[in-house]
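See below for the structure under consideration.
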Amino acid sequence: MPATTLQAPSTSANVPANTQARGLPILDLRDFTSGTPAQRADFVDHLRDTAYTLGFLYLKGYGASQAQIDAVLQASRDFFALSPEQKQAIHMANSPHFRGYTAAGDEFTRGERDWREQLDVGAERESLKQDPTSPAWTRLQGPNQWPESLSHIKPALLDWQNTLTETGRQLLRALALALGQPEDKFESAFSGTPVQHLKVIHYPGRTEGESRQGVGPHKDSGCLTLLLQDTQAGLQILERDGSDTPEGSGRWIDGPPIPGTLIINIGEVLEILSNGFLRANIHQVVSPPPNVDRLSVAFFLSPRLDAELPELKLPPELAAKARGVDRDPKNPLIAHTGRNLLKGRLRSHPEVAQRFYADVLEAHGITSGAAATAYA
């Protein structure tokens, strides 16, 4: 089945005037997992094209039932309906693993506050044993924090996490083929204990004169992001004028919700591995208007914490098109999974950084967790 294209309408999220309504492709994962050889090849071709140009697409047919989707969104609404005291009881500041609740304005992107509240959940695993020689990134693994009054949240979110992990693995098989690699090229890096990170997010409406930064412009630090949106728009993706357009310039295009789909985007790990053939694109979320809120559930899939993957040897025709890795002094890219993920956590959550990673900040001469882009 060929990819289809959605013309993204302007949204109610007060998008900048330079936004251009353009299409994001819609791919059906069933074409790859259970389609004919021709359908599989067509899926891989379309995936390669959009991962090279924009790094974002819509995905349907990814294996979740509507009942499962409804359960995840209801669990999310139930959590954010708790009292501030109940949410604060599992605040992320209690967790060296960066798990738990973060209030609106407590997370930072590029040094500015993000106006969203969220619950961060990872794989339910025991903490790794620590000694004086343990790398700081080993502290990222550990148990989650759950609200005591909502027993249904844990199974709903962990089930969703497992479903999307399998979706992500299928996409990685297709991306391997798209890059001229064996289909199982990424299997070993994701075997056993891949990094699974779920972020349940609520964006409150913002009035005129308030910051509209739901999430500031950024790239995702993992391998793949799989985003479930509720009904309110706000996601924007940077479209460059051409392959030579400088990093950070271009125009914002919208990624509004489409029922039955996820939005998929490429993370920094795949940009590094492909020498920039795959694009980890800059994106942001604009806060909704007053008296309107936005709900989304983002899942980030990365290799094992200890994985450091070598750059892929691309076929000559693809290597000739590779742009090299974008170099942003505010966001250095690190090939090692654990170190790259810790870099992002330290700069986004200064309270956790100061409480549990003061030694790391001091060792790198960093005086503020929000300035932890220096960590490498």
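Only the coordinates and a few stated rules stand behind these numbers; no lab work does. Remember, predicted model here, so these are calculated numbers, not experimental data. Backbone-built Cβ (ideal geometry, glycine too); neighbour counts: all protein chains shown.
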Query - segment 4-336 - share of DSSP beta bridges that are antiparallel (%, nearest 5) - result: 95
Query raised in the report: Amide H to amide H, which residues 5 or more places from Gln141 or on other chains are under 5 Å from it, using H placed in the peptide plane?
Result: Leu128
Query - Lysine pair number, Cα distance threshold 17 Å (strictly under), the chain, separation 8 or more or different chains - result: 9
Query raised in the report: With springs only between Cα atoms under 10 Å, which of Asp45, Asp78, Asp106 fluctuates most in a Gaussian network model of the chain?
Result: Asp78
Query - Computed magnitude of the charge dipole of segment 153-231 (debye, nearest 20; Cβ of K, R +1, Cβ of D, E -1) - result: 140
Requested in this report: Could you work out, for segment 4-336, what percent of all Cα-Cα pairs fall into each 20 Å distance bin, beginning at 0 Å and stopping at the bin that holds the largest distance?
Outcome: 31, 61, 8
Query raised in the report: If amide H atoms are built 1.01 Å from N in the plane of the peptide, which residues on other chains or at least 5 residues away come under 5 Å of the amide H of Thr109?
Result: Asp114, Gly216
Query - Max mean-square fluctuation residue, GNM over the chain, Cα-Cα springs under 10 Å, options Glu210, Glu239, Glu311 - result: Glu210
**Report entry** Cα-only Debye scattering, segment 24-180: base-10 log of I(q)/I(0) at q = 0.08, 0.13, 0.16 Å⁻¹
**Finding:** -0.34, -0.84, -1.07
Query raised in the report: What percent does the relative contact order of the chain come to when contacts are Cα pairs within less than 8 Å and at least six residues apart?
Result: 21
Query raised in the report: Viscosity 1.306 mPa s, temperature 10 °C: Stokes-Einstein D of segment 102-259 from its Kirkwood Cα radius, in µm² per second?
Result: 84
Report summary line: Taking the square root of 5λ for each eigenvalue of the C-alpha gyration tensor of segment 175-235, the equivalent ellipsoid has semi-axes, largest first and in whole angstrom, of 35, 13, 11
Report summary line: Sequence order, segment 222-230: Karplus ³J(HN,Hα) from phi using 6.51 cos²θ - 1.76 cosθ + 1.60, θ = phi - 60°, Hz rounded, Gly and Pro as x, gives x, 9, 9, 10, 10, 10, 9, 10, 7
Report summary line: When the charge dipole of the chain is computed with +1 at the Cβ of Lys and Arg and -1 at the Cβ of Asp and Glu, the Cα pointing farthest to the positive end, of Ala189, Phe299, Thr163, is that of Ala189
